Amino acid sequence: MPLPVLIIFKTNYSHMKKLKIIILSCLLLSSGMVFSQQKEWSLQECIKYAVENNIEIKQQTIQTKIQKNSLDLAKLKLLPTLNGSASHSYSFGRALDQYTYQFYNQTILSDYLYLGGELIVFKGLQNYNTIQKNKYEVLASEQDLVNIRDNISLSVALDYLQILLNKELVTANENQLNITRQQIEKTNKLVDAGSVARGNLLQIEAQAAQEEVSLINTKNQLDISYLNLTQLLEIKSPSGFEIVIPEINVDSSSVITGNIDEIYEIALKSRPEIRSSELKLKASEYDLKIAKGGRSPGLSVSHSFSTGYTHILDTTYSAPFNDQMKNNKNFGVGLSLNIPILNGWQVNKNISNSRLNVQNSQFALEGTKKQLYKNIQQSYTDAVAALKKYNASTKAVISTEESFRYTEQKFNVGMVTSVDYNVAKTQLLKAQSDMSQAKYEYIFKTKVLDFYKGVPLNLNK
């Protein structure tokens, strides 16, 4: 953060003292802002931040709340309904007064109040089955939310490890370039002394130029990996973003615990995508029961209350408003039976569609289980292959380093050409890169397997 420019024309001792305090404050604020920008994020902090800010998670949270509202509405439908109405009307010309039941050829003023409702006693258990259906849909929506969080967490872990890998590759390329620059200095001295032909120096300088391009490309890949992670975290810019570099060691004697079937059995009982598919199947079964309930007769009880006022009674029989509202009260209770007979085959088609939805949910559950098994199978196979590749790459790095040191010694005394020297350096860099890639691939795949076992993501274990 640039410091503000202070222009001073005249000052005294007290002003200078205040100025020093201002400058010191600015320096402290500036250093504080730099420190905050260079905060190092651990994997757990990245996952927590992504889960709290991811748009897809927020949308699924809203969807879950909508499902809960649907469940509440289904429960409230068990209560009796109650509705009211009130009217104030004028009739002109010949009209029948509803309270005196006489015709009058004059303006009639009347008021009417009504309260009434209905209680469904039986309707093929549709209300009960609707509650059960919505309950399972809420539970399935909650599991979908967990699954989205898990997927985001895995994506964060993958991008996090990609940064660590690219950092190692940048370091390896920088080391190679530094070695080449040192050789340029040595060769330049030998050329000046007449011990080595200038062609050797030109070849090493060309190699250095190629390594600089490779280093730039690797740094670009590192910048892209930072950008990918910050975008996943919904951070506007990767500027100032840095991650914690944990100490990660892979033992050459490491083994992958469990087998594919054991991990799959654990995942079947814990994975949210499986639980969600099971709950959605259960909801579709209750939806079929709701459709079948459409064939059942419906029994309901109705209740009502009404009263009214007309000015005819008031003017003709001296019945004021309060007396009429009291004397004109009417209470009603009714029992209604509705028997479905023919409704355009709607009930049968609803039942047929609901059966198809149950079958579709069964296939969805089966497909989810198969996909889970494939994912575990693939991750397990990749982890085993990555471990083998890492062990082989480790041996290759050791032997290549020894070969490079031997070639470097021979090159320093002029026993090999610069071409042979550059080939040895390139082989060493490739071996180091292969080892780093295999290491992080193995780490990620084993963390995925642990995730299927219900173990939280953690790079320190």
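Only helical DSSP H runs with n ≥ 4 go in: add -39500 (n - 2.57) per run for the chain, normalise by residue count and round the 222 nm mean residue ellipticity to 500 deg cm²/dmol. So the calculated ellipticity at 222 nm is -24000 deg cm²/dmol.
Computed extension length for Ile245-Asn69: 58.9 nm, one decimal, from 0.36 nm per residue of separation with the Cα-Cα distance subtracted. Dividing the C-alpha radius of gyration of the range 250-362 by 2.2 N^0.38 Å, with N its residue count, gives 2.40.
Note on the range 46-199: Kirkwood hydrodynamic radius from all Cα pairs is 24.7 Å, rounded to one decimal. For the peptides 337-343, 185-191, 123-129, residues were scored by their other Cβ atoms within 10 Å and the scores averaged per peptide; the highest-first order is 123-129, 185-191, 337-343. Over the range 339-461, the Kirkwood radius and the radius of gyration, each from Cα atoms, give a ratio Rg/Rh of 1.49. By the count of other C-beta atoms within 10 Å, a proxy for reagent exposure, Thr230, Thr446, Thr171 are ordered fewest to most as Thr171, Thr230, Thr446. Each of the peptides 268-280, 304-316 was scored by the mean count of other Cβ atoms within 10 Å over its residues; in descending order, highest first, they stand as 268-280, 304-316.
You can think of it this way: the chain between Leu154 and Phe321 has 52.7 nm of extra reach, that is 0.36 nm per residue less the Cα-Cα gap. Once you have a ≥ b ≥ c as the square roots of the Cα gyration tensor eigenvalues for the range 137-226, tell me rounded if a/c is under 1.5, and otherwise prolate or oblate according to whether a/b is larger than b/c. Cα axes put the range 137-226 in the prolate bin.
Here the chain was treated as a single set of alpha-carbon atoms; its pair distances binned every 10 Å from 0 give 4, 12, 14, 13, 13, 11, 9, 8, 7, 5, 3, 2, 1, 0 percent.
Could you tell me which of the pairs Lys370/Lys430; Lys39/Lys425; Lys282/Lys374; Lys236/Lys445; Lys370/Lys447; Lys280/Lys370 are separated by over 27 angstrom between their Cα atoms in the structure shown? Over 27 Å Cα-Cα: Lys370/Lys430; Lys39/Lys425; Lys236/Lys445.
Any read-out appearing in this document is the output of simple, stated calculations on the displayed coordinates, not a laboratory observation. This structure is a prediction, so every number in the text was calculated from the model and none was measured. Quick reminder, even Gly has a Cβ in these numbers, built from the backbone with ideal geometry, and neighbours come from all protein chains shown.
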